[in-house]
1. What is the Cα centroid distance between the range 76-97 and the range 204-247, reported in whole angstrom?
2. Using a 1.4 Å probe and ignoring any ligands, DNA or RNA, find the accessible area of Lys123 and quote it in Å² to the nearest 10.
3. Could you please report the charge total around Ile55, scoring K, R as +1 and D, E as -1 over all other residues with beta-carbon less than 12 angstrom from its beta-carbon?
4. In terms of solvent-accessible area of protein heavy atoms at a 1.4 angstrom probe, what is the ranking of His182, His145, highest value first?
5. The range 264-306 to the range 114-164: how many Å between their Cα centroids?
6. Short version: ³J(HN,Hα) in whole Hz for each residue of the range 303-314, in order, from phi by Karplus 6.51 cos²θ - 1.76 cosθ + 1.60 (θ = phi - 60°), x for Gly and Pro, what are they?
7. Counting only other residues whose beta carbon sits under 11 Å from that of Asp68, what net charge do I get with K and R as +1, D and E as -1?
8. Starting from the 7 Å offset along Cα-to-Cβ, what nm value, one decimal, do you get for the label separation of Leu257 and Asp173?
Amino acid sequence: MSLTHSAIEQRAPLMLWCSSHTTLAAEEIPMFLEAGYRVVPLLTDFWTFEYKPEIDSQICDAWKSSVDLPADIVNRLQAIRFCANMGQNELSTDEIDLLNEHVDAIYVTVLPNLAMKLSNVFKGTVMFRPFGHGHLNTYTRIAEHLGGNLAAFGKRNNYMWVPILSTLSEPEDQRLCANANHLGAFVTPGRLGSCRWSVEQSQPYVVETIPRIQKQTYYMDIYKQYREDYRDLPVKILGGNPVAGGALNDPAIVGFLDDETYFRTAAEARVSIYHGMSRFHVHYHPIEFMAVGVPVLFHQDSAFAAEGMHFGMTRTDLEDAGMYCSVAQANDMARAALADAQVAQAWSVKQRFFLDEVFNRKKVLDQARWIKRRIAQQRPWTEKQFDTHIEDATSAPQATVPVLVGTESTTKTKRPLTHRVYREFKRVIHRTRGRYVAKNSA
């Protein structure tokens with residue numbers, strides 16, 4: 001039975017959102033829901049990549065009201081072990097059929113080989129969402145190490161590179177960066193509690209977040225370097241760690257805090273010094289700190305500096321907003337702020353640019369809505385006769401990194417002509433149904 005025009009209008013794409021990043025889930029799943037998607041999360045454990053249903057309830061259970069599928073179908077979708085064995089396991093025929101029948105887009109982080117494999121068997125859109133590895137690795141090397149064959153990958157019309165930073169394509173094989181659409185990081189202020197930074201309430205200490213210090217060598221190395229670099233400053237280190245770091249016996253490590261206490265502790269600091277020094281990776285906590293108003297000092301090689309310049313800031317602008325070039329300079333800047341809160345306030349005011357232009361939820365929401373139209377092109381959800389009229393994405397001009405809503409870019413190309421396609425859709429429906437719904441005209 002063919003769909004009516006009204007049914008087609010109301011059909012929202014179903015996204016299977018697959019990641020182990022809980023902060024990303026808390027921010028992005030509500031955003032995709034607001035953008036008009038139906039979302040089924042497959043939120044996995046950080047260590048095992050196995051689906052954890054209890055995480056859905058703790059982080060993002062609002063998705064349940066968006067999905068109009070029987071519970072057994074949802075359970076079967078969430079039972080697919082996409083990420084097990086680092087995404088190298090083959091999907092069964094039944095699993096592939098289940099995906100193709102009910103899912104319109106599959107969102108994947110961390111494992112490019114998994115995204116490549118899905119694009120071969122899935123009829124909808126595969127969105128690979130990289131959020132960076134710093135200088136430690138590239139997604140190209142990860143894909144090759146885990147069995148992804150870039151030579152055979154070619155140009156996949158249903159594959160989309162959706163980076164969180166505009167820089168992430170720079171070190172990659174460009175075949176992996178096909179059909180690029182930038183979705184920046186963002187934070188929702190309501191998630192951060194009610195505490196906000198102020199000159200009057202700020203206390204003379206430096207705050208930073210370094211989680212899992214004793215569980216990952218990566219974070220242990222960051223911790224050791226940070227304590228060495230800022231050993232003479234009053235520092236509070238937040239994150240999921242035991243009090244004093246357990247055997248580390250470091251009073252600077254605050255220990256695990258509930259969300260309200262965590263953001264209050266951050267908001268009461270005079271300043272933060274962000275440890276990141278890579279243009280190819282950014283953590284969420286400095287963006288959260290900025291959203292609360294905490295002045296964040298950031299390195300000239302960090303993603304903050306790279307994204308700021310990409311969005312139009314000059315080096316002078318960045319320096320005025322808290323950029324430092326060396327550990328010695330960061331120490332001097334922090335001491336000045338500890339002595340005079342007005343110094344810190346000047347950085348806090350300048351850093352509004354990052355929230356307004358770089359890490360802006362409204363821009364990401366607009367871009368997610370445009371990606372939804374691309375997904376509709378991939379799966380038009382209507383009669384076979386209409387398929388010949390829909391814009392063929394292989395011939396449509398594709399966007400290069402970055403596509404930035406409302407922002408000029410030197411690499412910008414024209415988007416597919418979605419409005420013209422939509423008008424053609426209207427015309428065909430009018431001809432085949434003998435009626436036209438004027439209130440929904442493009």
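The values are calculated or read from the model by the stated rules, or taken from the named source; none is laboratory data. Note that the coordinates shown come from a computational prediction; the quantities given were computed from them, not determined experimentally. Positions of Cβ are backbone-derived with ideal geometry, glycine not excepted, and every protein chain shown enters the neighbour counts. We work out accessible area using only protein heavy atoms, side chains counted, and drop any ligands, DNA or RNA first. Shrake-Rupley method; radii C 1.70, N 1.55, O 1.52, S 1.80 Å.
1. 37
2. Number for this one is 140 Å².
3. That sum, taken over residues with Cβ under 12 Å, equals -4.
4. Ranking His182, His145 by accessible area, largest first, yields His145, His182.
5. What the calculation gives is 29 Å, centre to centre.
6. Running phi through 6.51 cos²θ - 1.76 cosθ + 1.60 with θ = phi - 60° gives 5, 4, 5, 5, 5, x, 5, 4, 8, x, 6, 8 Hz.
7. The answer is +3.
8. 4.5
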